[in-house]
Amino acid sequence: MTAIRLPRLLQANLERGARELLEAGGSRVDFERPAGEPALVGPDSVSWQVFRNPIALIVGGITAVLLELAEPRVRHGVWDHTTFRTDPLRRMRRTGLAAMVTVYGARSTAEAMIGGVGRMHARVTGETPAGTAYAASDPELLDWVQATASYGFLEAYSAYVRPLSRADKDRYYGEGRAAAALYGTTGAPRSLDELEAQFAAMRPKLERSEIVQEFLDILARTDFLPPGLKPFRSMFLRAAVEILPNWAPPMLGLETWRLKAWERPLLRLIGRFMDAIVVEATPASAACRRLGLPSDYLQRRPL
């Protein structure tokens, strides 16, 4: 792949936007330090390619939340104990920063951050309207959140950036084992077969909820896209529904949320273009420099 650096003014705007997004996540993380310290997974991984693409992150993150909200215990843990309803953008940015630290942060930084997430989860408990008790630290729920997040980001990348083989997807799920263990999961999928088995096992516990539509309505009113992409907000929401497993849209009442034929190639064009741009301020570029690699290492070494 040919790495792209935009004209000076456009590049400066991208760099500033990347820094602002990281700072808006709620805390400052220096992905260039400590120098030489490896991440939980290496720069030649599928994960480092997937998580550097903003289209994969935006679309895949929405897909993941849709699947999470299908599970009633996770749904009420998220909806009753987070700021999704009142401040969705801040919540999404904090979640995005956590994903960046997990993939690109130095191991010591990632371990400290994940430890903090675990302590926060330990305080989240409650009861669904049906009377089922839940705890965010429940391994089954942690497994579901891990599986849906991994699925969303990967499928968005494969659909809208660069098609991935089944072998690449298996590699990707295997790469998540170290982080999944730190988050407290005991059955996070380690391959595509294991993911499909987990989806099959969880389907009887999933259900339709008005909260899913409320979530999409909130995003439809939220400026979650960079300025140049704001006119395509509804397209991004439909793109997230498009990559759900085939059984999910009917279950969630989202059968009509489909991309128009011309929107798929447009999304792929945007995704491939964003994949080629080198932005020095992003976690991926900074992490490359931490390891003594050039900022455009990942653009030079596509999957």
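The values are calculated or read from the model by the stated rules, or taken from the named source; none is laboratory data. Note that this is a predicted model, so its numbers are computed, not measured. Ideal geometry is used to build each Cβ from the backbone, glycine not excepted, and the neighbour counts take in all protein chains shown.
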*Could you please let me know if Y134 is in contact (Cβ under 8 Å) with a residue 24 or more places away in the chain, more than 23 Å from A56 (Cβ to Cβ) and among the aromatic types (F, W, Y)?*
yes
*Could you tell me which residue of segment 15-72 is nearest to the chain's Cα centre (by Cα), considering only residues that are farther than 27 Å from I211 by Cα and β-branched (V, I, T)?*
V50
*Are there any pairs, at least 6 apart or on different chains, whose C-beta atoms fall under 7 Å, with the first in segment 278-301 and among the aromatic types (F, W, Y) and the second not in a helix (DSSP H, G or I), and if so, which?*
Y297/P43
*Could you list all residues from segment 215-268 that are assigned to a loop (DSSP other than H, G, I, E, B), touching a residue at least 40 places away in the same chain (Cβ under 8 Å) and surrounded by fewer than 18 Cβ atoms within 10 Å (Cβ to Cβ)?*
T222, D223, L225, P226, P245, W247, G253
*Considering only residues of segment 82-120 that are over 28 Å from G36 (Cβ atoms) and among the aliphatic types (A, V, I, L, M), which is modelled with the lowest pLDDT?*
L89
*Go through segment 66-100 and count every residue that is part of a helix (DSSP H, G or I) and either under 17 Å from Y134 (Cβ atoms) or out of contact with any Phe, Trp or Tyr (no Cβ under 8 Å at 6 or more places or on another chain) (or both).*
20
*asked:* Every residue in segment 43-54 that is crowded, with 21+ Cβ neighbours inside 10 Å and either modelled with pLDDT of 95 or more or under 17 Å from Y172 (Cβ atoms) (or both), please.
replied: V46, S47, W48, Q49, V50, F51, R52, N53
*Any residue in segment 90-114 that's under 14 Å from P283 (Cβ atoms): show its pairings with residues that are surrounded by fewer than 19 Cβ atoms within 10 Å (Cβ to Cβ) and of a type in the set (V, I, T) at Cβ separation under 8 Å, as long as the two are six or more apart or on different chains.*
A98/V117
*Residue tally, condition in contact with an Asp or Glu (Cβ under 8 Å, 6 or more places away or on another chain), surrounded by fewer than 21 Cβ atoms within 10 Å (Cβ to Cβ) and not polar (S, T, N, Q), over segment 173-192*: 3
_Among the residues of segment 273-292, are any in a loop (DSSP other than H, G, I, E, B), modelled with pLDDT of 95 or more and polar (S, T, N, Q)?_
no
